[in-house]
Each structure stands twice: as C-alpha cells, then as structure tokens.
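Note sheet for the following structure.
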Amino acid sequence: MSKPILIRGGTLVTADHERRGDVLIQDGLITAVSNEDELDAPAGARVIDAGGAYVMPGGIDPHTHMELPFMGTVASEDFFTGTSAAAAGGTTMAIDFVIPSPQEPLLDAYTKWRGWAEKAACDYSFHVAVTWWDDSVHADMGTLSTKHGVNSFKHFMAYKGAIMCDDEVLVNSFSRAGELGAICTVHAENGELVFALQNRVFESGISGPEGHPLSRPPEVEGEAANRAIRIAEVLGVPLYLVHTSCIDALEAVTRARLEGQRVYAEVLAQHLVIDDSVYRDGDWDRAAHHVMSPPFRPKHHQQALWAGLASGMLQTTATDHCCFCTPQKRMGVEDFRKIPNGTNGIEDRMAVLWHHGVRSGKLTPSEFVAVTSTNAAKIFNIYPRKGSLDVGADADIVVWDPAKHRTISAATHHQNIDFSIYEGMQVVGNPAYTLSRGRVVYDNGQLNTERGTGRYVDRPCHAPYWAAQRLRNETAEALATPVARKRPTPEEG
Ligand code: URP
Ligand code: ZN
Ligand code: ZN
C-alpha cells in the first residue's frame with residue numbers, strides 16, 4: 001500500500017474546467033478534491049507543492065506497439081521500457097494491440113500478449129486485431145469481449161500478404177463487433193494500391209526511403225477511410241480510424257460525422273509537426289528513421305489536422321509508438337519496402353502537443369486534456385476511472401510545469417531506441433511529476449518505475465444504444481411496413 005499523497009495548490013485541469021484546488025490520493029485512488037479551500041494532509045502523507053503547475057489526468061496513448069513482431073523483426077521497446085518512457089512524458093496508460101498472425105487463434109495471441117505485458121510499469125489494455133476469418137474468430141471475439149474486457153477490434157486495410165483484411169473480413173468482423181457492442185478500429189490504407197505502387201516505384205529505380213511516401217499517397221488513405229466508413233455505416237456500427245494523417249481521410253471523417261454517423265478519428269502527434277521533407281534527407285539512416293505508415297505528408301496537411309483537432313472532428317492523439325533501431329531499419333537498405341515501419345513518440349506526445357498546441361493557442365489546457373486523455377477514456381469506455389480527476393478515479397495524474405524547457409534527444413530520452421524523430425526539438429511545458437495509481441513514477445527528472453506494477457484494464461462493451469442506430473432503424477421500419485406485392489407467375493414471365 002503506497003502512502004497518501006496530497007497535491008497542493010495547483011490548477012486542476014479536466015476536459016471540462018480549470019480551477020485551483022488540492023487532490024488527495026490514498027491507496028491508488030483519488031479520495032478528495034477541494035474546491036479553492038485547502039485539504040488537510042493525513043498523517044504520514046507526502047505533500048507535493050503544485051504551485052504554478054497544472055494538475056491533469058495522466059495521458060492515455062490509445063495506439064502503441066510494444067515488442068511487436070513485425071516485418072521480420074521485433075519492436076525494440078518492451079512493455080517495461082515503453083511504459084516507463086511513457087511515465088517520463090506524463091502518459092500513464094497505453095492501449096496496445098494484440099495482432100494474431102493469419103490462422104492464429106485470437107485467444108492464443110491475446111494470452112501471449114498478456115504474458116509479454118506483465119512487465120509493464122503503468123496500466124495498459126489491448127485492442128485485438130482481426131487478421132483472418134472463420135467461425136473460431138467469431139467465437140473468440142465474443143469471449144474476448146465478455147470475459148476479457150476487450151471492446152475494440154482492429155483491422156489493417158494495408159500490409160498485403162501479412163496482416164491485411166480484405167472487405168469480406170471487414171464485413172464479417174464489423175458485423176460481429178456490432179452484435180457485441182464493440183467498436184471497430186481501422187488502419188486505413190488501400191493495401192492493394194500500396195502493393196502495386198511499391199512495386200512500380202521500386203521497378204522504376206527508386207529503392208531508398210523516398211520511395212515510401214510515393215507508394216502511399218493521401219488518396220490511398222482517403223479511399224480506405226471512406227470505404228471503412230461506408231461499410232460501418234451500412235452495418236450500423238461505430239468506427240474509430242487510427243493515425244489519420246491527411247486531408248483526404250479527414251474529409252471522409254468530417255462528412256460522416258456531419259451526417260450523424262458515429263465515427264471517431266485519432267491523429268498522431270508526429271503527423272501534426274513533421275512533414276514529408278524528411279524522406280529526402282541525404283543521410284539514408286535519418287530518412288529511414290521516418291519510415292512509418294501512413295507516411296509523413298506535405299506540410300499543408302498539418303494545418304488541416306490541427307484544425308480537425310481543434311474543431312473536434314479528430315478526438316484523440318496517439319503515437320503509434322513502434323520502435324525499430326537503426327540496424328533494424330537497415331534491413332531495407334537495398335529496398336525501401338523492407339524497412340520496418342514505425343517510429344518512436346510515447347515519451348514526447350504530451351510535450352509536443354502542449355508546446356505546439358497549447359502554447360500556440362490552438363488548444364486550451366482543457367482541450368489538451370480532452371485530446372490526450374479524456375476522449376480516449378470515453379471512446380474506449382474506461383471513463384471516469386481513467387481520464388478524469390473525479391473522486392474514486394485511479395490516481396493517474398500528471399503535475400505539469402508549463403515553464404519547463406526540454407530539448408528532445410535520443411541522448412537523454414528513456415525510449416529504447418537509438419534515435420528520435422524529434423531530435424533537437426525544443427519543447428516548453430513538461431511533466432514535473434507523474435503518478436501511476438498513486439505511485440510517483442516520475443519525480444522531477446527521476447524515473448522511479450518498477451517492472452510489473454502496471455495493471456491490465458478491462459474495457460467492457462458500451463451499452464447497446466451507443467452503437468449507430470441508423471440502418472437498424474431503417475431496417476426496423478422496412479420490416480414493420482412490408483411491401484404488398486404480387487409475384488409474377490412463370491406463365492406471365
Ligand atoms: O508504421 C507503422 N505505423 N507501424 C506500426 C504498425 C501500424 O501500421 O500501425
Ligand atoms: Zn497502422
Ligand atoms: Zn499502429
């Protein structure tokens with residue numbers, strides 16, 4: 001049992017409001033929150049002076065890949081190092097992905113990932129990918145959602161020949177998720193087009209990292225986003241798009257939302273601040289470090305993504321943290337198609353968003369909390385246990401010093417990767433303290449995480465009314481008003 005902690009005199013920021021107050025933490029939970037007045041510290045409590053700081057729900061990164069086996073190698077960041085780096089950056093929960101190989105039973109893969117994650121130092125949960133289909137997948141989706149707290153299923157529309165879903169799998173899986181009250185998530189890129197373009201680019205003589213964005217233009221993402229959205233609309237199920245990187249996909253999301261469809265979309269901090277010029281870097285390693293999918297985009301997409309975030313069309317921010325060190329990236333030195341896809345970011349998301357979002361006036365502190373924590377907690381049904389400062393919530397808290405400077409660098413970061421795609425970026429606004437269920441895991445530059453102290457977080461399915469009802473209502477009306485019609489007889493034909 002950890003000793004009580006009183007966070008005194010900070011500005012409490014939630015997705016709803018900002019006000020001065022104290023927060024008392026006992027046994028890993030928030031047990032009291034004051035309104036202007038001071039709380040008394042219980043005997044033996046540690047008192048953290050938060051004067052001049054913001055006290056906010058810890059970040060939730062809804063998209064990470066720790067120790068992922070992918071493209072012939074394994075991501076270098078494991079669940080301990082990755083959640084520790086997260087804590088150093090103010091993030092207290094990651095939702096990672098179980099990704100079964102084709103034909104691998106979903107429950108077997110889930111059990112394997114749960115084992116890997118036992119070393120985590122902060123709380124975590126899992127989306128489960130559907131990469132193939134048969135009756136056992138249908139059954140396992142039910143077991144995962146009713147017995148294992150999985151309310152989200154992931155679909156890769158790219159990575160042909162590996163984990164890509166075709167439309168048949170999408171339709172089967174979306175239908176099943178609809179029955180269960182789970183949410184479908186998609187990596188939206190047309191994998192057939194990517195495959196054809198990769199080959200065409202390579203055969204035309206481009207083998208370096210600059211071939212990567214050429215083979216995955218925005219239209220490829222826009223088409224897949226629109227297709228997934230339309231499939232979800234027809235089947236009447238909610239949808240969540242991961243790593244929305246371009247105007248084409250954002251437009252598809254915006255149109256669907258304005259039509260009343262329950263579609264959510266995430267943007268990566270990386271896509272908000274880095275553009276595609278990185279692929280033309282004269283240094284092969286530096287260019288290859290940025291190979292991820294979808295790729296970085298021409299600069300004008302960034303402005304649209306910021307507008308999408310500020311206007312609420314994009315609800316969450318993530319990192320897709322999927323680290324491959326330089327020797328791993330060099331697996332593709334002769335052929336950009338073989339460079340493992342993925343970049344770092346879990347330690348830096350909060351500071352990048354504060355610096356480029358809040359300090360520039362694009363986001364208010366409350367909006368920052370919404371897009372870094374609360375909205376993900378609501379969409380994935382763990383609110384207000386996570387993403388809030390409510391009494392009774394888990395004490396996952398970041399005490400944020402808005403004046404603290406940092407220059408991001410691989411030389412000083414805690415992520416298990418030998419470079420940073422943010423190398424040299426100056427960010428003002430960083431964590432002073434991070435608390436994970438009441439334990440001070442980051443204390444003014446000192447990382448105090450412990451292996452295995454993170455807990456798996458169950459995410460029950462939403463109540464059935466949460467699912468989009470449009471088609472079901474139309475179908476119900478059609479069933480209630482059958483068409484009176486005489487069938488032509490064979491003689492009439
Ligand atoms: O390049 C990426 N994003 N790697 C991780 C797998 C994925 O597509 O999310
Ligand atoms: Zn992806
Ligand atoms: Zn991913």
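Six or more apart or on different chains, Cβ atoms under 6 Å: show the pairs whose first residue is in segment 139-154 and within 19 Å of G115 (Cα to Cα) and in contact (Cβ under 8 Å) with a residue 12 or more places away in the chain and whose second is open to solvent by less than 10 Å² (accessible area, probe 1.4 Å) and outside any helix (DSSP H, G or I).
Listed by first residue and then by second, the contacts come to L144/V128; L144/V150; S145/A182; G149/R459; V150/V128.
Does segment 418-432 contain any residue that is hydroxyl-bearing (S, T, Y) and surrounded by fewer than 20 Cβ atoms within 10 Å (Cβ to Cβ)?
Scanning segment 418-432 turns up no residue that is hydroxyl-bearing (S, T, Y) and surrounded by fewer than 20 Cβ atoms within 10 Å (Cβ to Cβ).
Is there a residue in segment 273-292 that is open to solvent by less than 10 Å² (accessible area, probe 1.4 Å), farther than 17 Å from E423 by Cβ, within 16 Å of ligand 2 (Cβ to nearest atom) and not acidic (D, E)?
No, segment 273-292 contains no residue that is open to solvent by less than 10 Å² (accessible area, probe 1.4 Å), farther than 17 Å from E423 by Cβ, within 16 Å of ligand 2 (Cβ to nearest atom) and not acidic (D, E).
What's the number of the only condition in (1) open to solvent by less than 50 Å² (accessible area, probe 1.4 Å); (2) in contact (Cβ under 8 Å) with a residue 12 or more places away in the chain that G312 fails to meet?
Just one mismatch for G312, condition (2).
Filter segment 327-371 for residues that are β-branched (V, I, T) and under 18 Å from Q302 (Cβ atoms); which is nearest to ligand 2 (Cβ to nearest atom)?
T343
Anything in segment 71-121 that is in a strand (DSSP E or B) and open to solvent by 30 Å² or more (accessible area, probe 1.4 Å)? List them, or say none.
V74
Of the residues that sit in segment 1-48 and are charged (D, E, K, R), within 25 Å of D123 (Cα to Cα) and in a strand (DSSP E or B), which one is least open to solvent (accessible area, probe 1.4 Å)?
Once the filter is applied, the top-ranked residue is D22.
Being surrounded by 17 or more Cβ atoms within 10 Å (Cβ to Cβ) and either in a strand (DSSP E or B) or of a type outside the set (S, T, N, Q) (or both) is the filter here; which residues of segment 139-154 pass it?
D140, M141, L144, H148, G149, V150, S152, F153, K154
For S173, work out the one condition from (1) within 16 Å of ligand 1 (Cβ to nearest atom); (2) closer than 24 Å to R459 by Cα it doesn't fulfil.
Going through the list (1) within 16 Å of ligand 1 (Cβ to nearest atom); (2) closer than 24 Å to R459 by Cα, S173 breaks only (1).
Determine, yes or no, whether S360 is in a loop (DSSP other than H, G, I, E, B), closer than 21 Å to Q270 by Cα and polar (S, T, N, Q).
yes
When you go through (1) assigned to a loop (DSSP other than H, G, I, E, B); (2) under 20 Å from V47 (Cα atoms); (3) under 20 Å from the mean Cα position of the chain (by Cα) one by one for L389, which number turns out not to apply?
Unmet for L389, out of (1) assigned to a loop (DSSP other than H, G, I, E, B); (2) under 20 Å from V47 (Cα atoms); (3) under 20 Å from the mean Cα position of the chain (by Cα): (3).
Determine which single condition V267 fails, assuming it passes every other condition in (1) free of Cβ contacts under 8 Å to residues at least 60 places away in the same chain; (2) assigned to a helix (DSSP H, G or I); (3) within 16 Å of ligand 2 (Cβ to nearest atom).
(2)
Being without any contact (Cβ under 8 Å) to a residue 60 or more places away in the chain and away from ligand 1 (no atom under 16 Å from the Cβ) is the filter here, so list the residues in segment 240-264 that pass it.
I247, D248, E251, A252, T254, R255, A256, R257, L258, E259, V263
Taking W306 as meeting all but one of (1) assigned to a loop (DSSP other than H, G, I, E, B); (2) more than 15 Å from ligand 2 (Cβ to nearest atom), write down the number of the exception.
Against the list (1) assigned to a loop (DSSP other than H, G, I, E, B); (2) more than 15 Å from ligand 2 (Cβ to nearest atom), W306 comes up short only on (1).
State all residues of segment 188-237 that are at pLDDT 95 or above, away from ligand 2 (no atom under 16 Å from the Cβ), crowded, with 23+ Cβ neighbours inside 10 Å and within 23 Å of the chain's Cα centre (by Cα); if no residue qualifies, say none.
Scanning segment 188-237 gives I229, A232.
The values are calculated or read from the model by the stated rules, or taken from the named source; none is laboratory data. The structure presented is a predicted model; accordingly, all values stated were derived computationally and were not measured. In this analysis, Cβ positions are derived from the backbone assuming ideal geometry, glycine residues included, and neighbour counts consider all displayed protein chains. These area figures cover heavy atoms from the full protein model, side chains too; ligands, DNA and RNA do not enter into them. Shrake-Rupley method; radii C 1.70, N 1.55, O 1.52, S 1.80 Å.
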